[in-house]
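**Q** Shown below is the structure under consideration.
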Amino acid sequence: MRTIAVLNQKGGVGKTTTVVNTAAALAAAGSKVVVIDLDPQAHLTIHLGLEPQTVESGSYEVLTQSAGFQEEILLVRPNLWLLPANINLVGAESELVSVVGRETILREAIHTVEDKFDYSFIDCPPSLGLLTLNALAAAEEVLIPLQPYFLALQGFGKLLQTIELVNKRINPALKVNGILLCMFDTRASLPKEVKADIEQFLDNARGTNCAWAQARILPVYIRRNIKLAEAPSYGKTIFEYEQNCHGAEDYKKVAEFIHTQVQPAPQLNTQPDAAEVPEDQNVQTLEQMKELSAVGEAAQQQNISAPPDTNQRPDTDAEQNRDKPPITIKSIPQPDSQAPPSEFTQTRANQNQPESQ
Ligand SMILES: Nc1ncnc2c1ncn2[C@@H]1O[C@H](COP(=O)(O)OP(=O)(O)OP(=O)(O)O)[C@@H](O)[C@H]1O
Ligand SMILES: [Mg+2]
């Protein structure tokens with residue numbers, strides 16, 4: 001199972017939308033997928049059509065170890081399971097403060113279903129607290145949705161630094177695999193310079209052993225699309241709500257990319273030093289982690305800055321992806337469809353993103 005944490009401590013950047021629709025596309029194409037709502041706002045739960053008030057138990061119970069992962073997940077669509085959230089989750093961070101090993105509770109819970117799913121996606125809250133730490137401890141991959149605008153980059157270094165600390169201290173397998181540019185308006189323009197700055201930042205880390213050394217901006221991006229904004233209020237994925245819109249098109253491509261993405265090769269020197277970090281000595285809090293380690297300094301020192309928007313048209317990375325075997329998800333079943341999920345099929349896909357709505 002690939003476990004992917006969808007994370008950005010900035011609010012409203014497209015995390016939940018990305019989890020719902022990427023997972024739905026993969027499930028519709030035949031993969032077994034579980035999505036985990038780790039946000040007390042319960043937006044993932046709502047987006048998939050459940051009312052948090054009616055959710056008696058879910059991720060809170062798993063984190064407080066009063067229930068097992070498998071008994072709490074719900075089949076919400078063919079091939080798609082949800083570990084829902086309800087308001088109880090608000091209290092989880094403070095309740096877990098004194099629990100030994102609190103950072104790795106989710107990881108242990110997920111391990112119990114490792115062989116039952118192809119993918120798990122964790123929808124993180126817009127913060128870098130204990131819930132997010134649990135997500136990072138449980139995942140091997142981080143996908144960062146990001147709006148490609150100057151202000152969206154504020155905090156990006158801190159986000160990477162946190163991931164780096166978790167990687168060094170409690171999860172050597174953790175890697176940032178991708179940055180997904182979300183919600184850009186094609187009537188304006190993709191600020192090329194912002195994208196170039198991120199690329200430059202990522203390039204600087206190539207060949208190092210930091211957690212984002214192999215990260216890349218996904219060669220597909222998500223256009224701003226009103227249908228994506230409307231679908232959650234109907235409790236529908238974009239494929240159920242309007243399968244012929246740009247949002248559906250874009251998220252299918254994201255799912256295709258993730259499905260074909262070659263896993264990053266293991267990096268050197270990412271194992272924590274056993275003498276330095278004893279097995280039973282979990283780091284207490286993120287603040288302490290930061291004090292304990294100087295790793296991630298590069299993230300802080302790299303001052304990501306970008307000039308204001310320009311009028312450049314969006315470019316694509318299709319060229320870079322030419323060697324990857326392209327696949328297309330043939331069709332996504334309608335909500336009530338009993339049709340068996342379609343399969344990923346090998347076809348030559350047009351990987352260029354249209355430039356206008
Ligand atoms: N590509 C898009 N075009 C238009 N609206 C979008 C798009 N993606 C997401 N939205 C809308 O923007 C809002 C924020 O998106 P979303 O909830 O996915 O962000 P988030 O990062 O999960 O937010 P939070 O940090 O609060 O959890 C939602 O109303 C969503 O429907
Ligand atoms: Mg969200």
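Bear in mind that the values in this text are calculations on the coordinates, not laboratory data. Computed from a predicted structure; not experimentally measured.
**Q** Based on C-alpha coordinates, I'd like the Rg and Dmax of region 164-246, in Å.
**A** 16.9, 46
**Q** Could I ask something else about it? When the chain is fully extended, how far beyond the present Cα-Cα distance does Leu75 get from Glu199, taking 0.36 nm per residue of separation? Don't jump to the answer; show the numbers that get you there.
**A** Details: separation 124, 0.36 × 124 = 44.64 nm, distance 3.86 nm.
Extra length from Leu75 to Glu199 when fully extended: 40.8 nm.
**Q** Strictly greater than 17 Å: what percent of every Cα pair in region 1-122 meets that?
**A** Details: 3940 of 7381 pairs.
Considering region 1-122, 53 percent of its Cα-Cα pairs are separated by more than 17 Å.
**Q** If you project the alpha carbons of region 56-170 onto their three principal axes, what span does each projection cover, largest first, in Å?
**A** Its Cα atoms span 42, 38, 28 Å along the three principal axes.
**Q** Taking just the C-alpha trace of region 1-64, give me its Rg and Dmax in Å.
**A** Answer for region 1-64, Rg first and Dmax second: 12.3, 34 Å.
**Q** OK, next. How large is the convex hull of the C-alpha atoms of region 56-106 per residue, in Å³?
**A** 78 Å³
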